[in-house]
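Peer 1: Starting off with a structure, shown below.
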Amino acid sequence: MSRPSNVVELECSACGKKYDASVEHHLCTCGKPLLARYDLRRAAATLTLDSIKNRPRTLWRYAEVLPNDPAVSLGEGMTPLVHAQRLGASISTTGAGATAKRSISPTGESTGSDKGGLRRLFIKDEGLNPTGSFKARGMTAAVSRAKQLGAKALAAPTAGNAGGALAAYAAAAGLPAVIVMPADTPAANVMECQAFGAKVVKLNGLISDCGKYVAEHKDCEGWYDVSTLKEPYRVEGKKTMGYELWEQFGGKLPDVILYTTGGGVGLIGMCKAFDEMEEMGWIGAARPRMVAVQAEGCAPIVRAWEAHQNSAQFFQNAATIASGLRVPGPLGDLLILSMLRQTKGTALSVTDEEMLHAGRELASLEGIFAAPEGAATVIAARKLAASGWINPEETVVLFNTGTGYKYAEAWQRALRSAPAE
Ligand SMILES: Cc1ncc(COP(=O)(O)O)c(C=O)c1O
Ligand SMILES: [Zn+2]
């Protein structure tokens, strides 16, 4: 499938300044992220639920709302949306209908009976992407575009999974990559980057220090900076999680989405997808309520949310086993917080112990071996259902953003602790 791109320009997410999308751009002159804008009328003419049915089972099936095509692809996207009936039944709810007995498939038909709880609980299992995380989505788009724009070498700081994904797509694109990561990043992330032929730089510090290293070296080394939100296309790849939900729910969206938030690109991307869908006339003004789930040891967004602030403060001494959530100063803070407000969402944090426990629950109840980041959403769902914020009739999606197979250190700790009930 090859068609002209519908991208018309890049636009600053903060000040609205416009940029030519046919040349390389990173941040706006005001320092904030740029977003790709499309001719959505043209996109909507050929992108329909019916037209995509027989397209390839990768995220590139949504080509009309992506930057370019053909792409550097490893088969990313179209991850399973699992109806988590056993986990859902184990979640205590308050509110009307909590004892009714039925269960429903993604498209809404009844498939049998269960014991109440959250009957329409689904898990979008991003661990099944190439390199085992949703980071593949962002990197297929960013690396494809970087290659087209003539990049000679790619570089990014990483908390772990983004580095592995960048290294893999750079290898597939035939481009060198430099991955800068904290020295205590999970061993599997280091190994995969090395296996893909990337140069790995380890620093004693956090992803924010790694980001500074890339920023300081990129010009003299000639690197194309693929850092989170410092180029416009990783968001484009990640927004396809929103398009897939719409497709997998038969042209509808869920009521609540729980998303584990580090840099926030997934959350920003999905909200962007929903805005595009509204502009294409697919949905109305209502939105899924977005929930940002963070680790108690690094929760800048939760702190800002609780303090009713529009921006987040740098989170000092960030520490959590969920390496992907160790992002103390997310560049997209304004966007994330405004999206939580606009969708009537919320933000909450969970402890490392809770994540380890929830990982075992998810594995033993649903057969999903999750990253601690993904497991965090289970705890958040329990808390929100118990408080009545989520009601038992609602359709709820938890994102398992990565596979547990790359978190040997965290899983060893989880399996040493008390068994899951
Ligand atoms: C498994 C996993 N989940 C979640 C995140 C956070 O992602 P985002 O930047 O989209 O908030 C990361 C980031 O590294 C991750 O690796
Ligand atoms: Zn700007």
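Peer 1: Filter segment 1-51 for residues that are polar (S, T, N, Q) and within 12 Å of ligand 2 (Cβ to nearest atom) and give the result.
Peer 2: First pass over segment 1-51, keeping only residues polar (S, T, N, Q): 2, 5-6, 13, 22, 29, 46, 48, 51.
Within segment 1-51, SER13, THR29 qualify.
Peer 1: If you go through segment 335-354 one residue at a time, do you hit one that is of a type in the set (A, V, I, L, M, F, W, C), assigned to a helix (DSSP H, G or I), farther than 24 Å from GLY388 by Cα and more than 13 Å from ligand 1 (Cβ to nearest atom)? Reasoning before the result, please.
Peer 2: Applying the first criterion (of a type in the set (A, V, I, L, M, F, W, C)) to segment 335-354 yields 335-337, 339-340, 347-348, 350.
Imposing the further condition that a residue be assigned to a helix (DSSP H, G or I) reduces the set to 335-337, 339-340.
Okay, now just the ones that are also farther than 24 Å from GLY388 by Cα, so 335.
Cutting the leftovers down to more than 13 Å from ligand 1 (Cβ to nearest atom) gives us none.
Taking every residue of segment 335-354 in turn, none turns out to be of a type in the set (A, V, I, L, M, F, W, C), assigned to a helix (DSSP H, G or I), farther than 24 Å from GLY388 by Cα and more than 13 Å from ligand 1 (Cβ to nearest atom).
Peer 1: Any residue at all in segment 384-401 that is within 16 Å of ligand 1 (Cβ to nearest atom), surrounded by fewer than 23 Cβ atoms within 10 Å (Cβ to Cβ) and in a helix (DSSP H, G or I)? Walk me through how you get there before you give the answer.
Peer 2: Within segment 384-401, the subset within 16 Å of ligand 1 (Cβ to nearest atom) is 397-401.
If we keep only those that are surrounded by fewer than 23 Cβ atoms within 10 Å (Cβ to Cβ) as well, we get none.
Looking through segment 384-401, none of the residues is within 16 Å of ligand 1 (Cβ to nearest atom), surrounded by fewer than 23 Cβ atoms within 10 Å (Cβ to Cβ) and in a helix (DSSP H, G or I).
Peer 1: Since ARG145 meets every condition but one in (1) assigned to a helix (DSSP H, G or I); (2) within 16 Å of ligand 1 (Cβ to nearest atom); (3) among the basic types (Lys, Arg), which condition does it not meet?
Peer 2: All conditions pass for ARG145, except number (2).
Peer 1: Another one. Would you please name the residue that is nearest to ligand 2 (Cβ to nearest atom), looking only at residues in segment 349-363 that are hydrophobic (A, V, I, L, M, F, W, C) and in contact with a helix residue (DSSP H, G or I) (Cβ under 6 Å, 6 or more places away or on another chain)?
Peer 2: To start, the set of residues in segment 349-363 that are hydrophobic (A, V, I, L, M, F, W, C) comprises 350, 355-356, 358, 362-363.
If we keep only those that are in contact with a helix residue (DSSP H, G or I) (Cβ under 6 Å, 6 or more places away or on another chain) as well, we get 350, 355-356, 358, 362.
Numbers: VAL350: 34, MET355: 36, LEU356: 41, ALA358: 39, LEU362: 40 Å.
Checked segment 349-363; the qualifying residue nearest to ligand 2 (Cβ to nearest atom) is VAL350.
Peer 1: Right, here's the next one. When only residues in segment 308-320 that are surrounded by 22 or more Cβ atoms within 10 Å (Cβ to Cβ) and of a type outside the set (Gly, Ala, Ser) count, which is nearest to ligand 1 (Cβ to nearest atom)? Don't jump to the end; show me each part of the working.
Peer 2: So the first thing to find is which residues in segment 308-320 are surrounded by 22 or more Cβ atoms within 10 Å (Cβ to Cβ), and the list is 312, 315, 320.
Checking the rest, the ones that are also of a type outside the set (Gly, Ala, Ser) come to 315, 320.
Numbers: PHE315: 14, THR320: 11 Å.
In this case the residue turns out to be THR320.
Peer 1: What are the residues in segment 17-32 that are surrounded by 11 or more Cβ atoms within 10 Å (Cβ to Cβ) and assigned to a loop (DSSP other than H, G, I, E, B), if any? Walk me through it before giving the result.
Peer 2: Of the residues in segment 17-32, the ones surrounded by 11 or more Cβ atoms within 10 Å (Cβ to Cβ) are 17-19, 21-22, 24-28, 30, 32.
Of everything in segment 17-32, those that are surrounded by 11 or more Cβ atoms within 10 Å (Cβ to Cβ) and assigned to a loop (DSSP other than H, G, I, E, B) turn out to be LYS17, ALA21, SER22, GLU24, HIS25, HIS26, LEU27, CYS28, CYS30, LYS32.
Peer 1: Answer yes or no as to whether GLU192 is surrounded by 21 or more Cβ atoms within 10 Å (Cβ to Cβ) and not in a helix (DSSP H, G or I).
Peer 2: On the way: surrounded by 21 or more Cβ atoms within 10 Å (Cβ to Cβ): yes; not in a helix (DSSP H, G or I): no.
Criteria not met by GLU192.
Peer 1: From the set of residues in segment 222-263 that are part of a loop (DSSP other than H, G, I, E, B) and in contact with a strand residue (DSSP E or B) (Cβ under 7 Å, 6 or more places away or on another chain), which is nearest to GLY402 (Cα to Cα)? Steps first, answer last, please.
Peer 2: The initial filter retains those residues of segment 222-263 that are part of a loop (DSSP other than H, G, I, E, B), namely 222-223, 226-232, 249-255, 261-263.
This time we only want the ones that are in contact with a strand residue (DSSP E or B) (Cβ under 7 Å, 6 or more places away or on another chain), so: 223, 226-227, 231-232, 254-255, 261.
On the way: TRP223: 27, VAL226: 20, SER227: 19, GLU231: 22, PRO232: 22, PRO254: 21, ASP255: 23, THR261: 13 Å.
Ranking the qualifying residues of segment 222-263, first place goes to THR261.
Peer 1: For the condition within 16 Å of ligand 1 (Cβ to nearest atom) and either in contact (Cβ under 8 Å) with a residue 24 or more places away in the chain or surrounded by fewer than 18 Cβ atoms within 10 Å (Cβ to Cβ) (or both), what is the one hit in LEU40, LEU35, LEU10, LEU47? Can you show your working first?
Peer 2: Details: LEU40 fails: within 16 Å of ligand 1 (Cβ to nearest atom); LEU10 fails: within 16 Å of ligand 1 (Cβ to nearest atom); LEU47 fails: within 16 Å of ligand 1 (Cβ to nearest atom).
It is LEU35.
Peer 1: Is it the case, given these coordinates, that ARG3 is modelled with pLDDT of 95 or more and either within 16 Å of ligand 1 (Cβ to nearest atom) or among the charged types (D, E, K, R) (or both)?
Peer 2: Values: modelled with pLDDT of 95 or more: no; either within 16 Å of ligand 1 (Cβ to nearest atom) or among the charged types (D, E, K, R) (or both): yes.
So ARG3 fails the test.
Peer 1: Looking at segment 344-369, which of its residues are among the β-branched types (Val, Ile, Thr) and in contact with a Phe, Trp or Tyr (Cβ under 8 Å, 6 or more places away or on another chain)? Explain how you work it out, then say what you get.
Peer 2: Within segment 344-369, the subset among the β-branched types (Val, Ile, Thr) is 346, 350-351, 368.
Hit for segment 344-369 is THR346, nothing else.
Peer 1: Is it true that ASN54 is more than 16 Å from ligand 2 (Cβ to nearest atom) and within 15 Å of ALA141 (Cβ to Cβ)?
Peer 2: Details: more than 16 Å from ligand 2 (Cβ to nearest atom): yes; within 15 Å of ALA141 (Cβ to Cβ): no.
No, not satisfied.
Peer 1: Then there is this: If GLY297 satisfies every condition in (1) modelled with pLDDT under 95; (2) in contact with a Phe, Trp or Tyr (Cβ under 9 Å, 6 or more places away or on another chain) but one, which is the exception?
Peer 2: Every condition holds for GLY297 apart from (1).
Peer 1: Which residues, counting only those in segment 62-80, are within 16 Å of ligand 1 (Cβ to nearest atom) and not acidic (Asp, Glu)? Don't jump to the end; show me each part of the working.
Peer 2: The initial filter retains those residues of segment 62-80 that are within 16 Å of ligand 1 (Cβ to nearest atom), namely 76-77, 79.
Matches in segment 62-80: GLY77, THR79.
Peer 1: Which residue, of GLU393, GLU366, GLU409, GLU373, is out of contact with any strand residue (DSSP E or B) (no Cβ under 9 Å at 6 or more places or on another chain), among the charged types (D, E, K, R) and away from ligand 2 (no atom under 16 Å from the Cβ)?
Peer 2: On the way: GLU393 fails: out of contact with any strand residue (DSSP E or B) (no Cβ under 9 Å at 6 or more places or on another chain); GLU366 fails: out of contact with any strand residue (DSSP E or B) (no Cβ under 9 Å at 6 or more places or on another chain); GLU373 fails: out of contact with any strand residue (DSSP E or B) (no Cβ under 9 Å at 6 or more places or on another chain).
Only one candidate passes the filter, namely GLU409.
Residue by residue, here is whether (1) away from ligand 2 (no atom under 16 Å from the Cβ); (2) among the aromatic types (Phe, Trp, Tyr); (3) modelled with pLDDT of 95 or more; (4) over 20 Å from the mean Cα position of the chain (by Cα) holds:
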site: GLY138; (1), (2), (3), (4): yes, no, yes, no
site: VAL143; (1), (2), (3), (4): yes, no, yes, no
site: LYS152; (1), (2), (3), (4): yes, no, yes, yes
site: GLY160; (1), (2), (3), (4): yes, no, no, no
site: GLY164; (1), (2), (3), (4): yes, no, yes, no
site: ALA173; (1), (2), (3), (4): yes, no, yes, yes
site: PRO176; (1), (2), (3), (4): yes, no, yes, yes
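Peer 1: Still on this structure, please answer the following. Please work out if LEU59 is surrounded by 15 or more Cβ atoms within 10 Å (Cβ to Cβ) and either more than 16 Å from ligand 1 (Cβ to nearest atom) or modelled with pLDDT under 95 (or both). Talk me through it step by step, then tell me what you get.
Peer 2: Numbers: surrounded by 15 or more Cβ atoms within 10 Å (Cβ to Cβ): yes; either more than 16 Å from ligand 1 (Cβ to nearest atom) or modelled with pLDDT under 95 (or both): no.
Here the answer is no, as LEU59 does not meet what is asked.
Peer 1: Being in contact (Cβ under 8 Å) with a residue 40 or more places away in the chain and either surrounded by fewer than 24 Cβ atoms within 10 Å (Cβ to Cβ) or not acidic (Asp, Glu) (or both) narrows it down to one residue among ILE301, ILE283; which is it?
Peer 2: Working: ILE283 fails: in contact (Cβ under 8 Å) with a residue 40 or more places away in the chain.
Just a single option satisfies the conditions, and that option is ILE301.
Peer 1: Follow-up question, since we're still on this one. Quick check, is LYS212 assigned to a helix (DSSP H, G or I), basic (Lys, Arg) and over 26 Å from TRP60 (Cα atoms)?
Peer 2: Numbers: assigned to a helix (DSSP H, G or I): yes; basic (Lys, Arg): yes; over 26 Å from TRP60 (Cα atoms): yes.
Yes, satisfied.
The values are calculated or read from the model by the stated rules, or taken from the named source; none is laboratory data. From a predicted model like this one, the values you see are computed outputs, not experimental measurements. Because the Cβ atoms are built from the backbone with ideal geometry, glycine has one as well, and the counts that use them run over all protein chains shown.
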